[in-house]
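Written out below as structure tokens is the structure these notes cover.
The values are calculated or read from the model by the stated rules, or taken from the named source; none is laboratory data. The shown structure was predicted, so the numbers you read here are calculated from the model rather than taken from an experiment. Cβ coordinates were reconstructed from backbone atoms using ideal geometry, including for glycine residues, and neighbour counts include every protein chain displayed.
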Amino acid sequence: MSKDIKFNFLNADEQERYQKHLTLKEIGYEGQIALKNSSVLCIGAGGLGSSVLIYLAATGIGKIGIADNDYVEKSNLQRQIIHGTNTIGNLKIDSARERITKFNPNCELLTFAERINPNNALEIIREFDVICDCSDNFGTRYLINDACLILNKPLVFGSVQGFEGQVSVFNLHKNSPNLRDLLPESPSKNAVPSCEEYGVVGVSTGLIGILQVNEIIKIILKKGDILDGKLLIFDLLNINMKKFHLKSDQINKPIKNLSQFEDFYSEEKCSEQIHSIDIINANDFNRLCKAKPNKILLIDVRENEEFSTFAIEGSISIPLNHLNEESYIEFIQKESLIKDVFTICQSGKRSEKASKILSKFKIQSRSIKGGIEKVREILCN
């Protein structure tokens, strides 16, 4: 759907599909047309993004953007309901696209298989009416916030941890608060634990994601009490809900570019360099295998179901989420004394994570670029 094309009708399928919306006086036919003519970008297709994307499609949003460069893992499925066992190892955007297309073929989908960064944020975000932040780190959240300030885009914010979640709407109007009014400076990288470190109950991502979509609907329809200048905190464990009012500080408004993120991301890069990993391409790995087949330990970090479907001869299966278990680490440390250690997955993403984990235990390893897909391609030629 081109940004210039505006619809003034609902087709027969849409009229039947959105029947319960059409009977609501707050939405009705005109409201559903407004939803059809709107565009929403969902940044992150994980826990929050899963419920956001499903309900954006169910609502009848005409154009939905999905930005994520991560892959589906089995440990995601406890909360990332848009994905399934059959899409483990696939890009999350591809998995989400497949599900939404089957769920509501009336929605136009645009996917971006890349992490939002200072070089692409403005280009991607400017094409959408409303931005929904479903990211999982503060660096990206501040980047999205500042890009929305520059482009005058309303931003629906959500975050979860454990049994608790937060929702707010930033930059709805000229004088609306934004993330920097809530948190003027980003917490240090280790100050706030990630979901992997702290844990998260699956239903919290579902509830907060649904609340984000509710705000998006109200923004598009210009109806109801929007969480503009308000932070809603929901405690699912004790069924408590609190609402805090935010004040807009004009000092945080004059953001002209994204240059202030250079320091933040350079900090990220420095951190990554501490745990830098070696990467080997599939051709070089294949040559090494032929030269010294008995001196290689190839660790396949895909899920067991993936391994049973196809595996490189001589490889051993240790799923990524079990890799740091004591028994496996001791085994790999012992083997690394007499063998070169390599990690492999479907496409190379998880194997890089695996090599980073091993580096923390002072185990040198190399991740195979392109993963099983590339090695298999070479073997078939």
Turns out the helices (runs of 4 or more DSSP H) fully within the stretch 38-143 with at least 3 residues that are closer than 18 Å to Ile217 by Cα, touching a Lys or Arg at 6+ places or on another chain (Cβ under 7 Å) and not aliphatic (A, V, I, L, M) are none
Counting only residues in the stretch 231-252 that are modelled with pLDDT of 90 or more, surrounded by fewer than 17 Cβ atoms within 10 Å (Cβ to Cβ) and assigned to a loop (DSSP other than H, G, I, E, B), the one nearest to the chain's Cα centre (by Cα) is identified as Leu237
- Query: For Lys6, are the conditions met, namely being in contact with a strand residue (DSSP E or B) (Cβ under 9 Å, 6 or more places away or on another chain), charged (D, E, K, R) and within 24 Å of Ile131 (Cβ to Cβ)?
  - Reply: no
message = Taking the criterion of being under 13 Å from the mean Cα position of the chain (by Cα) and surrounded by fewer than 15 Cβ atoms within 10 Å (Cβ to Cβ), would at least one residue in the stretch 95-111 satisfy it?
response = no
Exercise. Taking the condition at pLDDT 95 or above and surrounded by fewer than 19 Cβ atoms within 10 Å (Cβ to Cβ), does Asn86 pass?
Worked result: no
Within the stretch 322-381, of all residues that are of a type in the set (Val, Ile, Thr) and at pLDDT 90 or above, the one farthest from Phe307 (Cα to Cα) is Ile338
Filtering the stretch 107-120 down to residues that are at pLDDT below 95 and either in contact with a strand residue (DSSP E or B) (Cβ under 9 Å, 6 or more places away or on another chain) or outside the structural domain of Val156 (by TED's automatic domain parsing) (or both) yields Ala113, Glu114, Arg115, Ile116, Asn120
If you go through Val72, Val52, the only one that is within 30 Å of Tyr142 (Cα to Cα), in the same structural domain as Leu211 (by TED's automatic domain parsing), buried (at least 22 other Cβ atoms within 10 Å of the Cβ) and without any contact (Cβ under 8 Å) to a residue 24 or more places away in the chain is Val72
Checked pairs for the stretch 1-23, first over 12 Å from Gly62 (Cβ atoms) and modelled with pLDDT of 90 or more, second of a type in the set (Phe, Trp, Tyr) and part of a helix (DSSP H, G or I), C-beta under 6 Å and 6 or more apart or across chains, list as Leu22/Tyr29
